[in-house]
Structures are given as structure tokens and as C-alpha cells.
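The values are calculated or read from the model by the stated rules, or taken from the named source; none is laboratory data. Being a predicted model, the structure only gives us computed values, none of them experimental. Counting neighbours? That spans all protein chains shown, and the Cβs are built from the backbone with ideal geometry, glycine included.
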4 protein chains.
Amino acid sequence: MTAQLARSGRGRRPADEVRRDALDAAARLLLEQGVAGVTYDRVAASSTVSRTTLYKWWPSAAALAAEAFFTASEPELELVDTGDVRADLRAQLGAFADLMLRSPAGPALRGLIAAAQSDDAVLAALQEHYVRPRRRIGGAALERAQQRGQLAAGVDVQVVVDQIWGACYYRLLTEPDTVTTGYLDALVSQALRGAR
Amino acid sequence: MTAQLARSGRGRRPADEVRRDALDAAARLLLEQGVAGVTYDRVAASSTVSRTTLYKWWPSAAALAAEAFFTASEPELELVDTGDVRADLRAQLGAFADLMLRSPAGPALRGLIAAAQSDDAVLAALQEHYVRPRRRIGGAALERAQQRGQLAAGVDVQVVVDQIWGACYYRLLTEPDTVTTGYLDALVSQALRGAR
Amino acid sequence: MTAQLARSGRGRRPADEVRRDALDAAARLLLEQGVAGVTYDRVAASSTVSRTTLYKWWPSAAALAAEAFFTASEPELELVDTGDVRADLRAQLGAFADLMLRSPAGPALRGLIAAAQSDDAVLAALQEHYVRPRRRIGGAALERAQQRGQLAAGVDVQVVVDQIWGACYYRLLTEPDTVTTGYLDALVSQALRGAR
Amino acid sequence: MTAQLARSGRGRRPADEVRRDALDAAARLLLEQGVAGVTYDRVAASSTVSRTTLYKWWPSAAALAAEAFFTASEPELELVDTGDVRADLRAQLGAFADLMLRSPAGPALRGLIAAAQSDDAVLAALQEHYVRPRRRIGGAALERAQQRGQLAAGVDVQVVVDQIWGACYYRLLTEPDTVTTGYLDALVSQALRGAR
DNA sequence: CGATAAACGAGACGGTACGTCACGTCTTGCC
DNA sequence: GGCAAGACGTGACGTACCGTCTCGTTTATCG
């Protein structure tokens, strides 16, 4: 009855608890310091999880950062459907550009896309939890518009998705200063004109 | 005791010679091992230039890699003007996608775009020596088509540039496997339809 | 679904079987890789015994190595008594030096003596299963010689034991290259001269 | 006048200063915690020297400990020559046994001899800075006695050295409790009787 | 034209991070 | 209940780079 209340920290713990701990710390570091700030060392230091365990669960620090990011911000992006395609797309695109340019999530996401160029695990996570879901949402909205007759029947909606969001991403990655309200307007108008 | 066979390499040397040496080594490393392979240490080891000097001339290893890349492949991309906009754009886009997907320059360029997300020097170099020149070339071709009446007068050609190349870049960075011949066809067609 | 082909190894097993298994694996590792090669992890990996069980039975990996060594090579050392003390001692000493210098048991034993300097369990095992038994055998031989009048009556035979084997051990531990045939001859002669 | 007196610590420093710093810290750790307490990590943490530098200068933590020990206690052991060999040897042996059994240097030295069994750099240092110098001193004393006619002419003094110190080392390493005053007396007497 | 200052090479130094290994602790699921 | 399997925190190892700093050498420049 000597009361060994003090949890030493060693020994096995529930995997979920450990993973959540690590992801929380990683998400915090990611938003505060960018992808480069998420290292195995720092995540271990700012959580209860040991480096050894981090290595066991994630193939790279960037992969950990990616999972942390996508776990923390899963739902985020919905596209309201008011019936007015142009307005809906423009609103969503504006919110997205705002996120990228004015919230800490922007640099984080840019950093993850960057990391994906040399880290297959990050690329896979990016595709699975980010790129493809958003592509589906945008595509679905355009398809609904197509069924309403607002878009031409033969148009490949995925191409239109790229011409709106892909173009925007490209500017955000290479010339972020040029992503203005006017540019976003033109982007949506031009894309819809081609699809009408 | 006249022969000074052993060129020690020490002492002052013409700056240009030194810079060229460093850039050559950096370019080689970049193409062979990617951006991450270009470190001050390795460039110094595989050239006659010392780390001290590298630090003096370039703010980061990635910046050195960028300059090496753009110096080595300055002219590269021209856009032939046959009068047939669609064909010209399609040809250029195809050559570009090929470069990105099937030559060592592809990973290098992807890596540089990635590095630019966390390295302002790289971003600046990328904009100055790569993004803007190519944007100008593409824009000029579209303007010529516009003057020939092949494109509507009010269209912002830079938006069209983004809808072709920007969209393509986005796929190359996030879902490279989906960049197929058919996709490129659709991209050009769709963009031109919107600009007609 | 009768066949229980897969012997899972789990569940309770006879303690002796488990211990023998562990000791066998430890002995193998000890002879092949030295004391440092005997770790709980490696013994568990190269036997059917789990780490949990190893920790339960042995206070340290070196202690396990020690027990493995002494269990495997208990009888080993006999000292033939032909009546000629000098020849008998010299023969035994030669065999011992040979063992230490030219068999895998040599490094193992040197390693155990080393481990004993910072591991009381190893020291205790070493004394009980190695040092004292051999000291008894050598002492008994010398006492027989003493009773035959070949050694002076007042001589402390344990001191003579040290002056032969102890001296030899010291050289084997600190200057193994200097343990030559001539040295062993001189050692025995000198010790017996002092004891005559 | 912001006074940037604060030495950043980075950059090159005189090699001797660095080495001395490291050796000081290592010596302290060695005496306080034994050989196992001297790790690259701890030496770096308790000195101004970085781990990288320690790895550059010493092949193993034990080798660093060895150099620290021998640098700190170079002269130590002299053997006074009063003309009475027996008394001189006995006095020196007593002082040595005392050092080994009752000072922090004892465990340190035992640990270094142990480390030498699996670390050639330690073995070499031990031989060069400890074993051979002391063997020379003891041998020289015995040779002087030999020239004075106190020892027989044909006796190999190095064998006598082993029979005194070697025997003592062996007991100190394997049965330290048995190294008593009486034992040391017997050791010297017995060895000298054999050499008379 | 010779002395001087600038630029260079070599490379050590304090750090941070990586990826691995072993230790000792602890939990879960078989048998 | 005892065992295997195996995850966990800890701490050490050895390596790669980074950015800083020192030293000695060589060369361009200027007195």
C-alpha cells in the first residue's frame, strides 16, 4: 500500500492514446513552425511519446506532420450548393485562397505539398486525405450544374476542377502575391465560359 | 624546383571561375540526387570550391541548386508559332509534361518548387528565371492568337496560361500519374473553348 | 481443424526446458560474438524464450552469459597427477594458455572477467563456478606434492597458485602477446623454486 | 555598446583547449561513476565539447576515459629504493592494493582493464601508459637488487614482477575480498624466496 | 615591383536531427 | 498463473549537415 501513483511513463500504453498524443504535438508544431519544424526530436520533446515509438509508427517526420494535419482538419471544406454555380465556386475558392494566404494552415499545406515531392508517404497521404476528396467535392458540384444544364454535357468536370483550383494552387505556390480577388473572379468566369 | 605541378587550389582565384565550378558541381548533384542531394558539404567535396566560399556566395544550398539549374537550362523552352494556336500549345505542353515526367530535370524542378515554399531565395530565383519568362512566352503566343481573332478580345491571357500550365503543374505535383495524353488534349481544348 | 502444427510457444512450459533453451542460445551467442553479443533481445530472438522470462530468471544479460558459459563447460579442467609436479603444472598451464589464446572460449572468459568488474552477479558466478574450483584443483595438486616432500612444508599453496595462474591471467588480460612457451616455462620454474 | 561578449561557442577553438576540457569532464565522470558512466553523451553534456568533436578525437567512450585517467594520474606510482628490496616491494604493493581497494581510482582502473578486453584502443593505452611503465619500474628495482646480490643472477625479473603484481591483480579482479595484509606479505616473501 | 590586403582551401568546432539498438517496464492474449 | 509477443520510455550510439570560426596560402592590387 505504498501508493505507486506516479505513472513512470514506461511500459506499454494504449496505442491510440500514444498516437493521438503524437499527432497533437505534431499538429501544434506544424502550425507554429511549418513542416521543417516537425522533427522526430521535437515531437518527442513536446509530447509524452518517445522517438523510438515515432519511428515505429511513421516513416518520416513529414509523414507524421501530414497525418497530423489531415486528422486535425478532416471536414473543413464544404461547398454550399445554392443553385448558382458561379457564386458557389467563387465563394469556395475565395475561402480557400484566404485559408492559404491568411491562416497558419496555409504555410502548413504548402509545406506538405512541398514535402510530397520527395516523400512518397506524404504524397500518398496528401492524395488520399486531401487532393482526391476535394476533387470529388468540386467535381460533384459541377456535375450537378451539368445536370441542371448550366454546363455543356460533354465537358470533363475534372478538367474544369483543375482549371479553377489547379491554376490557383500553381499561383499560390509560385507567385502567391498575385492571387487577388480580381484574379479569382477571372479564374471562375473563364473556366465556366469554357464549360458552358 | 621550378615545376609547380601541384595546383593547391588555395589562394585567390577569379570569382567567375570559382562560381562556375560550384554551379557545375551543384547542377550535377541536383540532376543525379535531387535537391536534397545538393548540400554545401557535397558541393564542396565534388568541386574545387570550399564550403567557406559557398556560404559567401549563396544563402542556402537550395538557392545554389536553383541558380545551378536555371543557369544550366536557361533557353530550353521555346514555343513555335505556326499560326495554329491549339497545335502550338498542345505541342509545347506535351514537351513540357515529357520533361517533367521522363527526364532528370523533372524531379529537379519539382524539388525546386518544393524548396521555394520554405526558402525565399529559391522562390525569387524560381520566379525570375523560370515562372515569369515562361508565363511571358505563353502569354505572347496567346496574344498573337488574340490579334489574329482566334481568341476573344476581352480574355485575360494570363488566366488562360494558368488554366493550361497551372492546372498541369498542379497535377504534376499532386497526382503525376494522371497526366496523360488525353488529359493534356482536354486541358488545351477546354481552355481555348473558354477563350474563344 | 485438428492439426496443431503451429506450436505457438505460448502458455506455461516446464521451467527447466525454458532455462535450458535460453542458456543454449546464450552460450552460442557468447562464443560467436563475445559477451557484448549476449543481450536479452538477441537471446530471445534466437530462442523460444521471451524477454519477459529472461528478465525473470537473470538479473543481467552478462549474468545469463556467465551461467551459460559455466553450465556448458563445467568439467573441462582436470590436472593429471603423474608425480612430477613441474611437468603436471606446466602441462595444465599450457593447455589453459592455449584455451585462452586460441579457442573461442578465450575471449568469452576474458569478457566474463571484464563483466564481473561491474556486475556482482557475474562476479559471484565467476567465483563460484570458475575461480574457486580451479583454485582448489591447483591447490590440491600442490598439496600432494608438498606431502611427497617436493615442496617446503610452510609454503602457502594458494599463493603459489596465484603466482602461476594469477600471473598468467594478468598477462593474458593486459599483454596477451607476451604469453609464450618460454614465459610459461619460466613461470612454473620460478614459482616452484620459491616453494621448494 | 550592446556588448556581444557572449562567446557563442561555435566556430573553431584551439584543439588543446578542447581536448583538455573533454578529458577533465571524462576524468570526473570516470571517478564518480565508473567507466560505464563515461559516455559521449554525458561528457558532452558536462563540458563545452560537442559530441561530434568527441567522436572525432576518440574512437570510443572507453578510450576517452582511458586517456583521461592516464593523463590525470601519470606519475603517481614511484618505488622508493632504500636498499631493502623486500620492504620496498612490500610498501609499494601495499600502497597499490590500497589504491585499488579504497580509492575511487580502484574501480576506475578495474573498469579500464575490463574495457580493454573488448576495446583495442583501451588495451593499447593501458599497456602504453600504465602496464609497461609500472613493469619497468618494478623490474628496475629488482635488477638493482640483483646487482647488489640480493637476487640470483639468472632470474628473469619480469617473471618476478608478474608473480607479485600479476598475482595481486588477479585477486583484485576476481576475489578482491581476499587481498589482505597477510596475503601481500606472503606474496612478496614467496616471490623473493624463489628469486634468491 | 614588391608589400599588402583580399579571397580562397582546408578543416575543426558547437549544434540539431537522424535512424538504430538495447534496456527495463508494462499490457494483452494464449495456453 | 505463467508464458510469448511486443509496444512503450529512456538513453546511448555513430553519422550527416549546418553555420561559425581559425589558419595558412595564394594572388590581385596598389603604393
Quiz item: Looking at C:170, C:130, which is the one that is of a type outside the set (Val, Ile, Thr) and either touching a Pro at 6+ places or on another chain (Cβ under 7 Å) or without any contact (Cβ under 8 Å) to a residue 40 or more places away in the chain (or both)?
Solution: C:170
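Restricting to segment C:33-57, what's the tally of residues that are among the hydrophobic types (A, V, I, L, M, F, W, C) and either in contact with a Pro (Cβ under 7 Å, 6 or more places away or on another chain) or near DNA strand E (Cβ under 9 Å from one of its atoms) (or both)?
First, pick out the residues of segment C:33-57 that are among the hydrophobic types (A, V, I, L, M, F, W, C): C:35-36, C:38, C:43-45, C:49, C:54, C:57.
Filter again for either in contact with a Pro (Cβ under 7 Å, 6 or more places away or on another chain) or near DNA strand E (Cβ under 9 Å from one of its atoms) (or both), leaving C:36, C:38, C:43-45, C:54.
Summing the residues that are among the hydrophobic types (A, V, I, L, M, F, W, C) and either in contact with a Pro (Cβ under 7 Å, 6 or more places away or on another chain) or near DNA strand E (Cβ under 9 Å from one of its atoms) (or both) in segment C:33-57 gives 6.
Given the condition assigned to a helix (DSSP H, G or I) and under 20 Å from residue A:174 (Cβ atoms), answer yes or no: does some residue in segment A:140-161 qualify? Walk me through it before giving the result.
First, pick out the residues of segment A:140-161 that are assigned to a helix (DSSP H, G or I): A:140-147, A:157-161.
Adding the requirement that they be under 20 Å from residue A:174 (Cβ atoms) leaves A:161.
Scanning segment A:140-161 turns up at least one residue that is assigned to a helix (DSSP H, G or I) and under 20 Å from residue A:174 (Cβ atoms).
Here are some residues: C:185, C:162, C:156, C:177. Which one is of a type outside the set (A, V, I, L, M) and closer than 17 Å to residue D:176 by Cα? Step through it out loud before you land on a result.
Values: C:185 fails: closer than 17 Å to residue D:176 by Cα; C:156 fails: closer than 17 Å to residue D:176 by Cα; C:177 fails: closer than 17 Å to residue D:176 by Cα.
After ruling out the rest, the residue left standing is C:162.
Taking the options A:44, A:68, name whichever one is within 13 Å of DNA strand F (Cβ to nearest atom), part of a helix (DSSP H, G or I) and either on the phi < 0 side of the Ramachandran plot or under 17 Å from the mean Cα position of the chain (by Cα) (or both). Steps first, answer last, please.
Details: A:68 fails: within 13 Å of DNA strand F (Cβ to nearest atom).
None of the other options fit; the residue is A:44.
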Quiz prompt | Tally of residues being more than 13 Å from residue D:194 (Cα to Cα) and among the acidic types (Asp, Glu) across segment D:136-161 | solution = 1
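Quick check, is residue A:190 free of Cβ contacts under 8 Å to residues at least 40 places away in the same chain, surrounded by fewer than 23 Cβ atoms within 10 Å (Cβ to Cβ), facing chain B (nearest Cβ under 10 Å) and more than 24 Å from residue B:111 (Cα to Cα)?
Values: free of Cβ contacts under 8 Å to residues at least 40 places away in the same chain: yes; surrounded by fewer than 23 Cβ atoms within 10 Å (Cβ to Cβ): yes; facing chain B (nearest Cβ under 10 Å): yes; more than 24 Å from residue B:111 (Cα to Cα): yes.
When the stated conditions are applied, residue A:190 passes them.
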Practice problem: Would you check if residue D:44 is in the same structural domain as residue D:150 (by TED's automatic domain parsing), more than 25 Å from residue C:114 (Cα to Cα) and either in contact with a strand residue (DSSP E or B) (Cβ under 7 Å, 6 or more places away or on another chain) or not hydroxyl-bearing (Ser, Thr, Tyr) (or both)? | Solution: no
Practice problem: Within segment A:30-44, track down each residue that is within 13 Å of another protein chain (Cβ to nearest Cβ) and surrounded by 20 or more Cβ atoms within 10 Å (Cβ to Cβ). | Solution: A:30, A:35, A:38
Practice problem: Could you please let me know if residue D:109 is touching a residue at least 60 places away in the same chain (Cβ under 8 Å) and either out of contact with any Asp or Glu (no Cβ under 8 Å at 6 or more places or on another chain) or in the same structural domain as residue D:187 (by TED's automatic domain parsing) (or both)? | Solution: no
Quiz item: Can residue A:96 be described as away from DNA strand E (no atom under 16 Å from the Cβ), in contact with a Cys (Cβ under 8 Å, 6 or more places away or on another chain) and in contact (Cβ under 8 Å) with a residue 12 or more places away in the chain?
Solution: yes
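Among the residues of segment C:162-196, write down those that are assigned to a loop (DSSP other than H, G, I, E, B) and charged (D, E, K, R).
We begin by selecting, within segment C:162-196, every residue assigned to a loop (DSSP other than H, G, I, E, B); these are C:175, C:179-180, C:196.
C:175, C:196, listed by residue number.
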Quiz prompt | Residue count for segment C:129-165, restricted to those that are charged (D, E, K, R) and away from chain D (no Cβ under 11 Å) | solution = 4
Quiz item: Taking the condition surrounded by fewer than 17 Cβ atoms within 10 Å (Cβ to Cβ), within 17 Å of the chain's Cα centre (by Cα) and either outside the structural domain of residue D:135 (by TED's automatic domain parsing) or part of a helix (DSSP H, G or I) (or both), does residue D:94 pass?
Solution: yes
Practice problem: Restricting attention to segment A:114-132, report how many residues are crowded, with 16+ Cβ neighbours inside 10 Å and in a helix (DSSP H, G or I). | Solution: 12
Exercise. All but one of (1) assigned to a helix (DSSP H, G or I); (2) more than 12 Å from chain A (Cβ to nearest Cβ) hold for residue B:80, so report the exception by its number.
Key: (1)
Quiz item: Has segment C:64-74 got at least one residue that is surrounded by fewer than 15 Cβ atoms within 10 Å (Cβ to Cβ), farther than 22 Å from residue C:32 by Cα and not basic (Lys, Arg)?
Solution: no
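Are any of the residues in segment B:101-120 acidic (Asp, Glu), within 30 Å of residue A:34 (Cβ to Cβ) and within 16 Å of DNA strand E (Cβ to nearest atom)?
Going residue by residue through segment B:101-120, those that are acidic (Asp, Glu) are B:119-120.
Of the ones still in play, those that are also within 30 Å of residue A:34 (Cβ to Cβ) are B:119-120.
Then drop every residue that is not within 16 Å of DNA strand E (Cβ to nearest atom), which leaves none.
The answer is no; no qualifying residue exists.
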Practice problem: Scan segment B:166-178 for residues that are facing chain A (nearest Cβ under 7 Å) and within 19 Å of the chain's Cα centre (by Cα) and report the count. | Solution: 7
Exercise. Would you tally the residues in segment B:91-134 being under 19 Å from residue B:167 (Cα atoms), in contact with a Leu (Cβ under 9 Å, 6 or more places away or on another chain) and not basic (Lys, Arg)?
Key: 22
Quiz item: When the residues of segment D:101-127 are filtered to those that are more than 10 Å from chain C (Cβ to nearest Cβ) and within 10 Å of the chain's Cα centre (by Cα), which remaining residue is nearest to residue D:158 (Cα to Cα)?
Solution: D:125
